[in-house]
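The values are calculated or read from the model by the stated rules, or taken from the named source; none is laboratory data. Not measured: the values here are computed from a predicted model. Cβ placement follows ideal geometry from the backbone for every residue including glycine, while neighbour counts extend to all protein chains displayed.
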Amino acid sequence: MFRNFTQVVDYARKLETKDLIVASPEDTTILIAINDAYQMNLIRPVLVGDKKKILDQLMELGISKRGYEIYNAVDPKDAALMSVKLVSKHENSILMKGLLQTRTLLHEVLDEDHGLYTGSFLSHIGVLEIPNYHKLLFISDAILNVLPNEEEKIKIIDNTYNFVKSLGIYKPKIALVSAIETVDEEVPSTVESRNIVLALRDQEKFYIGGPMSIDIAVSHESAETKGIQHVVAGDADVLIFPNIEAGNTFYKSTTFFGNSNVAGLILGAKNPIVLTSRSDSYRSKLYSIALAVVSTDIT
């Protein structure tokens, strides 16, 4: 089990180098992260976008183009199409979103003719290394699914479970997050949490609890103060948020106010898809690439 991103990167460096196809990489932090991953032998860079701009940026950064495959695309839509087609042709390759809209990339990912869609439900996994938390924390869904219903949340839980299990967390502790820890008909997420816990009560793959407020999910002291006794309380591996607003706010708040390192992937496609926020740091992009390399090896 990985307890921090340093361990993830160290493990990834021991694995076979993967092809990383990046759609619209015309961004300083993206190019630096890609080059560092390349220098570590994590990936072989394949860049798809405005070729002249990419070459100019590489030169400005002092990065040699040697070892890079660079394809010219006329616009972000073309970059997304070309990138997905390249991923389809490269075995065990990784797709990465650059400076283009998520919906533009996903439109090509979901295409039945050339896409990476398997029929499975797609969800985003955020991985957070928070200074005052004792292990990596996994959250979903902060970027992709806006307002998942109960059935969709169960699919998100299934995607997340399969992913964290592949990282060595064999019986994860999953918290269904809400504003409060009691069921209140006026707070719909608490009702959904109760229903999901009931629906999954007979499974033995993971521990699940909810509704849970954030403090109870991650703090033994808060759980004890509020009289909550549950195996998940204070030790959650996974937080499942009620909607994208709650998940995205938590994701970005921990980054900007909590000095956390983060990584992000889309789960459920044929190949790993690196998907970070465009405002995420260089470290976030590098850690996301390393996480994708590891997931390719062990899934």
Kindly provide the set of residues from the range 161-178 that are in contact (Cβ under 8 Å) with a residue 60 or more places away in the chain, surrounded by fewer than 16 Cβ atoms within 10 Å (Cβ to Cβ) and touching a Phe, Trp or Tyr at 6+ places or on another chain (Cβ under 8 Å), ordered by number. Gly168
Matching helices (runs of 4 or more DSSP H) fully within the range 179-246 where at least 3 residues are over 25 Å from the mean Cα position of the chain (by Cα) and surrounded by fewer than 22 Cβ atoms within 10 Å (Cβ to Cβ): 188-199, 220-225
Selection count where residues are among the acidic types (Asp, Glu), more than 19 Å from Tyr287 (Cβ to Cβ) and surrounded by 13 or more Cβ atoms within 10 Å (Cβ to Cβ), scope the range 109-140: 1
Report whether or not Ile244 is at pLDDT 95 or above and touching a strand residue (DSSP E or B) at 6+ places or on another chain (Cβ under 7 Å). no
Please report, ordered by residue number, the strands (runs of 3 or more DSSP E) entirely within the range 1-91 with at least 2 residues that are over 19 Å from the mean Cα position of the chain (by Cα). 43-49, 69-72
So, in the range 48-78, exactly how many residues are over 26 Å from Glu108 (Cα atoms), surrounded by 13 or more Cβ atoms within 10 Å (Cβ to Cβ) and among the hydroxyl-bearing types (Ser, Thr, Tyr)? 0
If we keep only residues of the range 115-141 that are modelled with pLDDT under 95 and of a type in the set (Gly, Ala, Ser), then the residue nearest to the chain's Cα centre (by Cα) is Ser120
